[in-house]
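The values are calculated or read from the model by the stated rules, or taken from the named source; none is laboratory data. Please read all numbers here as calculations on a predicted model, not as lab measurements. Note that we place each Cβ from the backbone using ideal geometry, even for glycine, and neighbour counts take in every protein chain shown.
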Amino acid sequence: MEIDELLTIMIEKDASDLQIKVGRPPLYRIHGAMTPLDAHPMTDEEMEGLAFSMMNQMQLEKFNSRRWTDVGYGLKQNRFRINIFHNRGTIAISVRKISLKIPTIDELGLPEALKEIVKFSTGLILVTGPTGSGKSTTLATLINEINETRACHIATVEDPVEYAFSDKKATISQREVGADVVSMDDALPSLLRQDPDVILVGEMRDRETVEFVLKAAEAGHLLLSTLHTSSSAATIDRILSYFPRDSHHQIQIELAMTIRATISQRLIKTADGKGRAAALEIMVGSPTIRKAIEKGEFSSIYKTISESVHFYKMQTLEQALVSLIAYNVITTDDAIANANNPDVLRALLHELGLKKKEGEKEEILISEE
């Protein structure tokens, strides 16, 4: 089978991901569940043909030297992020479908607080979560909100480009590693020479990228990026982990000065089984949060978030999950399975049950979506 044929099936099945490896038929992820294609198992020769048909010379050289590479691919009004890698001596391919249409905050059902967060002109906004949690879509949605509401210059460097933006109120320059620039490290310094107001760095993967992001945010730019972390407190810990311990206090000061918000999310199967819903922890850089970061009191961040629902529009992941349960969007079992703090979630659900009996459900509605 050719790659276009497999991707066409992916579009028709409305699958979010596709896994292809030697020895079994292609697997499509449909509403979170892996479903095999009714086809013969893939052979070595077929896998090599699929992989080499998608790579340009630079990507092929990268694949041969480090044994994996990322590829951006477009077909039938859809874009795909494709990772080609080695698996036990054979080639394997992982595909993520990315619609060319960038959804709005309202279309995704995300909290209204995000519209306020992207109004900042400087600082750092991070979208975090595990692989497959929808970070890239949320990040693109935030950039699209800025694009539609602000006359500015947005510059991005991505590996690879996932969503292709069109100029609206803003003008956007997008650069892809491997196609427009040799490497992320090579691309970052030049971003500051492009007169950007807003900078998108696809992912903070190493110390050099983190240093650039902090420097640019301090210099008066609005920075957006992603990290693979499960909560706001874990995000701060991850950033610090890139640096020697004796420099942590200085990094904490820099983060306290620049952090505007962290958005940590999960995608959870909906109760009707027809899709997935996003549950977001939102931390805003309030004075209390900044003070906690500067002093290294990360254990207090969760409590501050939980108590800042109304004024700063923050919310913990557990509060977001309770809201989704209250509106029958997701099941309680799935919520507990995805919670960072299952015991906290159970306590909130118990409180919800008591309030319901008293006819006061609206008082504990913690996500103002």
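Quick notes
- Residue match in segment 33-49 (condition: in contact (Cβ under 8 Å) with a residue 40 or more places away in the chain and in contact with a Phe, Trp or Tyr (Cβ under 7 Å, 6 or more places away or on another chain)): no
- Pairs where the first residue, in segment 331-348, is part of a helix (DSSP H, G or I) and the second is of a type in the set (Asp, Glu) and surrounded by 15 or more Cβ atoms within 10 Å (Cβ to Cβ), C-beta under 8 Å, 6+ apart: VAL344/GLU318; LEU345/GLU318; LEU348/GLU318
- Of all residues making up segment 1-60, the number that are β-branched (Val, Ile, Thr), within 16 Å of ASN83 (Cα to Cα) and part of a helix (DSSP H, G or I): 1
- Scanning segment 279-319 for residues that are crowded, with 21+ Cβ neighbours inside 10 Å and of a type in the set (S, T, N, Q) gives GLN315, THR316, GLN319.
Yes or no, residue by residue, for (1) assigned to a helix (DSSP H, G or I); (2) farther than 25 Å from THR104 by Cβ:
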residue: ALA233; (1), (2): yes, yes
residue: LEU255; (1), (2): yes, yes
residue: LEU267; (1), (2): no, no
residue: LYS274; (1), (2): no, no
residue: HIS310; (1), (2): no, no
residue: LYS313; (1), (2): no, no
residue: LEU324; (1), (2): yes, no
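- Of all residues in segment 89-107, those satisfying the criterion of being surrounded by 15 or more Cβ atoms within 10 Å (Cβ to Cβ) and part of a loop (DSSP other than H, G, I, E, B) are ILE102, PRO103, ILE105.
- Scope segment 172-204; condition in contact with a Pro (Cβ under 9 Å, 6 or more places away or on another chain), of a type outside the set (S, T, N, Q) and under 21 Å from GLU145 (Cβ atoms); matching residues: GLY202
- Residue in segment 175-188 that is of a type in the set (S, T, N, Q), in contact with a strand residue (DSSP E or B) (Cβ under 8 Å, 6 or more places away or on another chain) and assigned to a loop (DSSP other than H, G, I, E, B) present: yes
- Some residue of segment 28-45 being among the acidic types (Asp, Glu), surrounded by 16 or more Cβ atoms within 10 Å (Cβ to Cβ) and either in contact with a strand residue (DSSP E or B) (Cβ under 8 Å, 6 or more places away or on another chain) or not assigned by TED's automatic domain parsing to the domain that holds ALA271 (or both): no
Let's see how each residue does on (1) closer than 29 Å to GLN77 by Cα; (2) assigned to a helix (DSSP H, G or I):
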{"position": "SER121", "(1), (2)": "no, no"}
{"position": "LEU126", "(1), (2)": "yes, no"}
{"position": "THR137", "(1), (2)": "yes, yes"}
{"position": "ASN147", "(1), (2)": "yes, yes"}
{"position": "VAL161", "(1), (2)": "yes, no"}
{"position": "ARG205", "(1), (2)": "no, no"}
{"position": "GLU208", "(1), (2)": "no, yes"}
{"position": "GLU211", "(1), (2)": "no, yes"}
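- Across segment 79-86, a minimum of one residue is classified as in a strand (DSSP E or B), surrounded by fewer than 15 Cβ atoms within 10 Å (Cβ to Cβ), outside the structural domain of LYS313 (by TED's automatic domain parsing) and of a type outside the set (Ser, Thr, Tyr).
- Within segment 215-262, considering residues that are over 13 Å from THR122 (Cβ atoms) and among the basic types (Lys, Arg), the one surrounded by the fewest Cβ atoms within 10 Å (Cβ to Cβ): ARG245
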